[in-house]
Amino acid sequence: MRAWLITACLVLGASPPGRAQEDDSVGAVRNDYYTALSNNSKKQPKNLPAGVSAPLMTETELQGLLARLWKIYDVSAGDPAELDALFQVVALSSTPYVAPPSDKTIEAWREATRKIFTDFLDDDRVASLVMNFEAPGKLKREVDELTKQLGNSKSRAVKAAFAYQPLAARADAAANAPLAPEAEAKLLADMAAFASEFGAAEIPGRGTSYADWVKNTSYSLLNLKIGGIAPEIEAGDLDGVKFKLSDYRGKVVLLDFWGYW
Amino acid sequence: MFPHERSLVEKMKDEPFALVGVNSDADLAAMKPKFKEEKITWRSFWNGEEGTQGPIAAAWNVQGWPTLYLIDHTGKIRNKWLGGPDEATLDAAIAAVVAEAKEAAAKK
């Protein structure tokens, strides 16, 4: 009967009514969030003025998802799902698709962040929050205040992510607007110091290490900067005939890294 | 991106300008007929059998495709874009650097 009901709901595109909480999961809530966004984007009302779209998520839908996450949190004490549920409350309550966020949503975000910062500050998994800390509406100041507390975490992974963030912002800015020589040397030295302390750790969610990031980014800052001489390329063309980038000296070159795939 | 590149090559054919590709297709033989269909006539380096992981993209620290670098007549990098920039931005940036190249050539 249960299986039949779920199948019927899948066919009809609805959520199973009264879904029992023991078979709910953070992943399922996340999937339902994306499904709702996708469904709502397909049924945008016509006749809206240009540039205006209806919210992709209704307040009721969002509160339903948040309620499910809190239920998961309540039954998951000591289990990895406990913190996952809190992360997901932070992420979903920060959704840009319900505008503006309601008081209830903001309260959910505050409650989840409060629990993360009191109960899980030293947990390595909090590093992933550091990499992508979102907040509803205009809570930037609260995010900044909380972010400072992350510096007190005893987790190496959190410390690494905490040190990485401002460094990455400086490197990104330098890529677009070249630095004066002293400022560039300072950035490279800071990156090297960061790599010697945290290089071996993996960047949360990226599958590469901080050391790789420092190596690639330093190389780009030095050799691929705007205003610097382009590195030579000497390789075969698509028919195997060798040529060089410097063959084009005297002409402007638009170097286009492309692929058909 | 290809239609704009084609029109760029056509429009700039009498200017001191070259579009130079770095192709990152791993299976070149399979792709070549497609290039013909798309009228990709400009010269490209081949990034090798490792595709996107090949040596040229690695040396240029390419993190996404397309990535574009604008290099002036003296070999200096003047601009770079990850992901295709909008066509007006790209055309204006190229025009400014091409004007410099022509001015330098006239002085000689």
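Listed residues A:LYS154, A:LYS138, A:LYS148, A:LYS159; which is assigned to a helix (DSSP H, G or I) and surrounded by fewer than 16 Cβ atoms within 10 Å (Cβ to Cβ)?
A:LYS148
Among the residues of the range A:1-28, write down those that are modelled with pLDDT under 65 and assigned to a loop (DSSP other than H, G, I, E, B).
A:MET1, A:GLY13, A:ALA14, A:SER15, A:PRO16, A:PRO17, A:GLY18, A:ARG19, A:ALA20
So which residues in the range A:172-209 are part of a helix (DSSP H, G or I) and of a type in the set (Gly, Ala, Ser)?
Scanning the range A:172-209 gives A:ALA173, A:ALA174, A:ALA175, A:ALA183, A:ALA185, A:ALA189, A:ALA192, A:ALA193, A:ALA195, A:SER196.
Only residues that are of a type in the set (D, E, K, R) and either without any contact (Cβ under 8 Å) to a residue 24 or more places away in the chain or within 15 Å of A:THR217 (Cα to Cα) (or both): list them for the range A:154-206, please.
Of everything in the range A:154-206, those that are of a type in the set (D, E, K, R) and either without any contact (Cβ under 8 Å) to a residue 24 or more places away in the chain or within 15 Å of A:THR217 (Cα to Cα) (or both) turn out to be A:ARG170, A:ASP172, A:GLU182, A:GLU184, A:LYS186, A:ASP190, A:GLU202, A:ARG206.
With (1) among the basic types (Lys, Arg); (2) in a loop (DSSP other than H, G, I, E, B); (3) under 24 Å from the mean Cα position of the chain (by Cα) as the list, and A:LYS225 as the residue in question, which single condition is left unmet?
Only one criterion is unmet by A:LYS225, namely (3).
Filter the range A:198-228 down to the residues that are surrounded by fewer than 14 Cβ atoms within 10 Å (Cβ to Cβ) and out of contact with any Leu (no Cβ under 8 Å at 6 or more places or on another chain), then identify the one that is farthest from A:TYR164 (Cα to Cα).
Looking at residues that are surrounded by fewer than 14 Cβ atoms within 10 Å (Cβ to Cβ) and out of contact with any Leu (no Cβ under 8 Å at 6 or more places or on another chain), I get A:GLY227.
Return the residues of the range B:53-75 that are loosely packed, with under 15 Cβ neighbours inside 10 Å and at pLDDT 95 or above; say none if nothing qualifies.
If the condition is that a residue be loosely packed, with under 15 Cβ neighbours inside 10 Å and at pLDDT 95 or above, then B:THR74 is the only one that fits.
Can you pull out the residues in the range B:19-47 that are modelled with pLDDT of 90 or more and crowded, with 19+ Cβ neighbours inside 10 Å?
Once the filter is applied, which keeps residues that are modelled with pLDDT of 90 or more and crowded, with 19+ Cβ neighbours inside 10 Å, the range B:19-47 yields B:LEU19, B:VAL20, B:GLY21, B:VAL22, B:ASN23, B:SER24, B:ASP25, B:SER44, B:PHE45, B:TRP46, B:ASN47.
If you take the residues of the range B:76-103 that are surrounded by 14 or more Cβ atoms within 10 Å (Cβ to Cβ) and in contact with a Gly (Cβ under 9 Å, 6 or more places away or on another chain), which of them is farthest from A:LYS251 (Cα to Cα)?
Per the stated criteria, the residue is B:LEU82.
Output the qualifying pairs, or none if there are none: Cβ atoms under 7 angstrom, residues six or more apart or on different chains, first residue in the range A:245-261 and closer than 10 Å to B:ASP25 by Cα, second residue surrounded by fewer than 14 Cβ atoms within 10 Å (Cβ to Cβ) and among the charged types (D, E, K, R).
If the second residue must be surrounded by fewer than 14 Cβ atoms within 10 Å (Cβ to Cβ) and among the charged types (D, E, K, R), the pairs left are A:TYR260/B:LYS34.
Scan the helices (runs of 4 or more DSSP H) fully inside chain B and keep the ones with 3 or more residues being at the interface with chain A (Cβ under 9 Å from one of its Cβ atoms), under 20 Å from A:LEU245 (Cα atoms) and within 15 Å of the chain's Cα centre (by Cα).
Answer list for chain B: B:87-107.
Which numbered condition trips up A:ARG68, out of (1) in contact with a helix residue (DSSP H, G or I) (Cβ under 7 Å, 6 or more places away or on another chain); (2) exposed (fewer than 13 other Cβ atoms within 10 Å of the Cβ)?
The failed condition is (2).
Collect the residues in the range A:191-233 that are hydroxyl-bearing (Ser, Thr, Tyr), more than 15 Å from A:ARG170 (Cβ to Cβ) and at the interface with another protein chain (Cβ under 9 Å from one of its Cβ atoms), keeping them in residue-number order. Walk me through how you get there before you give the answer.
Step one: list which residues in the range A:191-233 are hydroxyl-bearing (Ser, Thr, Tyr), which gives A:196, A:208-210, A:217-220.
Narrowing the set further to residues that are more than 15 Å from A:ARG170 (Cβ to Cβ) leaves A:196, A:208-209, A:219.
Within the range A:191-233, A:TYR219 is the sole residue that qualifies.
The values are calculated or read from the model by the stated rules, or taken from the named source; none is laboratory data. Bear in mind the structure is a predicted one, so any value in this text is a computation, not a measurement. No Cβ is skipped: glycine too gets one built from the backbone with ideal geometry, and neighbour counts run over all protein chains shown.
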